[in-house]
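Engineer: A single structure is presented below for examination.
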Amino acid sequence: PYTIMFGPDKCGSTNKVHFVLKHKNPKTGKYVEHHLKSPPSVPYDKLSHVYTAILKPDNEVRILVDGEEKSKANLLSADDFEPALIPSKTIPDPDDKKPEDWDERAKIPDPAAVKPDDWDEDAPTEILDEEATKPEGWLDDEPEEVDDPEAAKPEDWDDEEDGEWEAPKIDNPKCEEAPGCGEWKRPMKQNPAYKGKWHAPMIDNPAYKGIWKPQEIPNPEYFELDKPDFDPIAAIGIEIWTMQDGILFDNILIADDEKVATAILEKTWKPKFDVEKEKQKAEEAAAADSEDLSEFQKKIFSVLYKIADIPFLEPYKIKIIDVIEKGEKQPNITI
């Protein structure tokens with residue numbers, strides 16, 4: 001059992017820095033998980049990063065990545081946590097049932113409507129275009145494909161084992177200049193008489209009562225409080241689930257002073273990150289030299305990286321970046 005769960009989770013479409021509070025309902029004694037609704041995303045590179053959660057006495061929560069604030073919320077706000085820490089005052093009555101004669105249909109087929117006599121439901125969507133004529137120059141006796149004249153039977157071909165050898169087919173070069181080859185068939189056109197299946201027009205439902213909802217009753221689990229009643233934190237638990245190697249973690253800190261956390265960040269993470277960054281730049285420069293991407297190719301991949309930053313593609317950003325990075329290794333094929 002935990003009080004707070006915090007840290008990065010990047011798996012499949014999931015990409016977020018969790019912040020989950022487990023809180024005991026004083027009315028029922030039940031523990032409920034309350035998840036931060038808008039957690040920040042996990043950096044998609046392979047560098048070391050530091051994650052910080054700051055809880056303030058005024059119920060403010062701040063989530064930092066590499067010392068930079070990425071998310072801010074209030075522990076008691078229903079807009080920030082799902083479900084809300086403080087339950088709603090009322091709930092739908094579980095014993096309230098929708099009456100059998102309750103009609104929720106806003107529109108209904110017009111019962112007085114009658115299908116017109118000239119409405120043919122069986123008429124096809126397309127018919128032969130009787131006005132069409134065969135284009136001049138059409139080659140009736142020429143097939144669309146012919147044997148490749150440059151193909152030769154392989155020397156090791158064995159008719160008994162491999163069967164009779166047949167030259168591969170190619171597009172008939174005579175058909176390229178002509179309007180068409182082979183048997184000419186009259187084309188199809190849209191049937192002007194097609195109307196499809198007849199349906200009575202929709203009208204307002206005179207018996208419509210709206211969407212039924214059960215009546216609200218007082219929530220027996222409702223309570224009020226000024227700040228969360230945290231269970232004592234007695235230990236740090238670490239949960240790891242991974243399908244790849246090379247993932248390391250260290251320097252886990254719980255402190256009651258934000259300055260202490262900042263000092264540890266600057267002392268233990270920042271120098272390491274700076275070295276990793278420089279190493280990454282050197283590797284990228286070496287890779288660029290070896291790959292020798294042309295200016296044209298560089299522009300294309302630059303556009304692809306910008307596409308990966310489009311907000312609505314955020315859930316797929318990691319996968320997109322991964323594909324782009326693999327694509328840069330074989331730029332000509334990719335483009």
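Engineer: Need the failing condition index for Lys197 against (1) closer than 30 Å to Asp117 by Cα; (2) open to solvent by less than 100 Å² (accessible area, probe 1.4 Å), just the number.
Structural biologist: Every condition holds for Lys197 apart from (2).
Engineer: What is the one condition in (1) open to solvent by 90 Å² or more (accessible area, probe 1.4 Å); (2) touching a residue at least 12 places away in the same chain (Cβ under 8 Å); (3) in a loop (DSSP other than H, G, I, E, B) that Pro206 does not satisfy?
Structural biologist: (2)
Engineer: Please work out which one of (1) open to solvent by 40 Å² or more (accessible area, probe 1.4 Å); (2) under 24 Å from the mean Cα position of the chain (by Cα) is the condition Pro43 fails and give its number.
Structural biologist: Only one criterion in (1) open to solvent by 40 Å² or more (accessible area, probe 1.4 Å); (2) under 24 Å from the mean Cα position of the chain (by Cα) is unmet by Pro43, namely (1).
Engineer: Search segment 262-282 for residues being under 31 Å from the mean Cα position of the chain (by Cα) and of a type in the set (D, E, K, R), and hand back the single one that is surrounded by the fewest Cβ atoms within 10 Å (Cβ to Cβ). Spell out the reasoning first.
Structural biologist: Restricting attention to segment 262-282, the residues satisfying the condition of being under 31 Å from the mean Cα position of the chain (by Cα) are 273, 276-277, 280-281.
Narrowing the set further to residues that are of a type in the set (D, E, K, R) leaves 276-277, 281.
Values: Glu276: 14, Lys277: 13, Lys281: 10.
The qualifying residue surrounded by the fewest Cβ atoms within 10 Å (Cβ to Cβ) is Lys281.
Engineer: Would you pick out the residues in segment 46-65 that are in contact with a Pro (Cβ under 8 Å, 6 or more places away or on another chain), under 30 Å from Phe273 (Cβ atoms) and not in a strand (DSSP E or B)?
Structural biologist: The first filter runs over segment 46-65 and keeps only residues in contact with a Pro (Cβ under 8 Å, 6 or more places away or on another chain), leaving 49, 51, 59, 63, 65.
Applying the additional criterion that residues be under 30 Å from Phe273 (Cβ atoms) yields 49, 51, 63, 65.
Across segment 46-65, the qualifying residue is only His49.
Engineer: Can you say whether Asp95 is surrounded by 12 or more Cβ atoms within 10 Å (Cβ to Cβ), assigned to a loop (DSSP other than H, G, I, E, B), modelled with pLDDT of 95 or more and of a type in the set (D, E, K, R), as far as the supplied structure shows? Break it down stepwise before answering.
Structural biologist: Numbers: surrounded by 12 or more Cβ atoms within 10 Å (Cβ to Cβ): no; assigned to a loop (DSSP other than H, G, I, E, B): yes; modelled with pLDDT of 95 or more: yes; of a type in the set (D, E, K, R): yes.
It is false that Asp95 is surrounded by 12 or more Cβ atoms within 10 Å (Cβ to Cβ), assigned to a loop (DSSP other than H, G, I, E, B), modelled with pLDDT of 95 or more and of a type in the set (D, E, K, R).
Engineer: Right, next: Going residue by residue through segment 252-261, is there one that turns out to be part of a loop (DSSP other than H, G, I, E, B), at pLDDT 90 or above and open to solvent by 100 Å² or more (accessible area, probe 1.4 Å)?
Structural biologist: Of the residues in segment 252-261, the ones part of a loop (DSSP other than H, G, I, E, B) are 252-257.
Still in the running and at pLDDT 90 or above: 252-257.
With open to solvent by 100 Å² or more (accessible area, probe 1.4 Å) added as a condition, the list becomes 254, 256.
Within segment 252-261 (the criterion being part of a loop (DSSP other than H, G, I, E, B), at pLDDT 90 or above and open to solvent by 100 Å² or more (accessible area, probe 1.4 Å)), the answer is yes, since at least one residue qualifies.
Engineer: Report, by residue number, each residue of segment 210-220 that is exposed (fewer than 13 other Cβ atoms within 10 Å of the Cβ) and assigned to a loop (DSSP other than H, G, I, E, B).
Structural biologist: Our first condition is that a residue be exposed (fewer than 13 other Cβ atoms within 10 Å of the Cβ); within segment 210-220, this holds for 210-213, 215, 218, 220.
Passing the criteria: Gly210, Ile211, Trp212, Lys213, Gln215, Pro220.
Engineer: Now, a different point. Can you name the condition, by its number, that Asp229 falls short on among (1) open to solvent by 60 Å² or more (accessible area, probe 1.4 Å); (2) not in a loop (DSSP other than H, G, I, E, B)?
Structural biologist: (2)
Engineer: Read through the list (1) within 24 Å of Cys11 (Cα to Cα); (2) open to solvent by 70 Å² or more (accessible area, probe 1.4 Å); (3) touching a residue at least 40 places away in the same chain (Cβ under 8 Å); (4) not aliphatic (A, V, I, L, M), then give the number of the only condition that Asp245 fails.
Structural biologist: Here Asp245 meets the rest and fails (3).
Engineer: Determine, yes or no, whether Leu313 is touching a Gly at 6+ places or on another chain (Cβ under 7 Å) and not assigned by the TED database to the domain that holds Ser13.
Structural biologist: Working: touching a Gly at 6+ places or on another chain (Cβ under 7 Å): no; not assigned by the TED database to the domain that holds Ser13: yes.
So Leu313 does not fit the description; no.
Engineer: Let me ask something additional. Which ones in segment 178-201 are part of a loop (DSSP other than H, G, I, E, B), in contact with a Lys or Arg (Cβ under 8 Å, 6 or more places away or on another chain) and within 30 Å of Glu142 (Cβ to Cβ)?
Structural biologist: Trp184
Engineer: Looking at segment 171-179, is at least one residue among the polar types (S, T, N, Q) and open to solvent by less than 70 Å² (accessible area, probe 1.4 Å)?
Structural biologist: To start, the set of residues in segment 171-179 that are among the polar types (S, T, N, Q) comprises 172.
Pick out the ones that are also open to solvent by less than 70 Å² (accessible area, probe 1.4 Å) and you get 172.
The answer is yes; a qualifying residue exists.
Engineer: Would you please list the contacts, defined by Cβ atoms under 7 Å and residues six or more apart or on different chains, that run from a residue in segment 67-96 that is charged (D, E, K, R) to a residue that is surrounded by 13 or more Cβ atoms within 10 Å (Cβ to Cβ) and in a loop (DSSP other than H, G, I, E, B)?
Structural biologist: Lys70/Pro40; Asp80/Lys37; Glu82/Lys37; Lys89/Asn219; Lys89/Tyr222; Asp93/Pro214; Asp96/Pro214
The values are calculated or read from the model by the stated rules, or taken from the named source; none is laboratory data. These numbers come from a predicted model, not from an experiment. Virtual Cβ from ideal backbone geometry, glycine too; neighbours counted across all protein chains shown. Quick note on the areas: whole protein, heavy atoms, side chains included, nothing else; ligands and nucleic acids left out. Shrake-Rupley method; radii C 1.70, N 1.55, O 1.52, S 1.80 Å.
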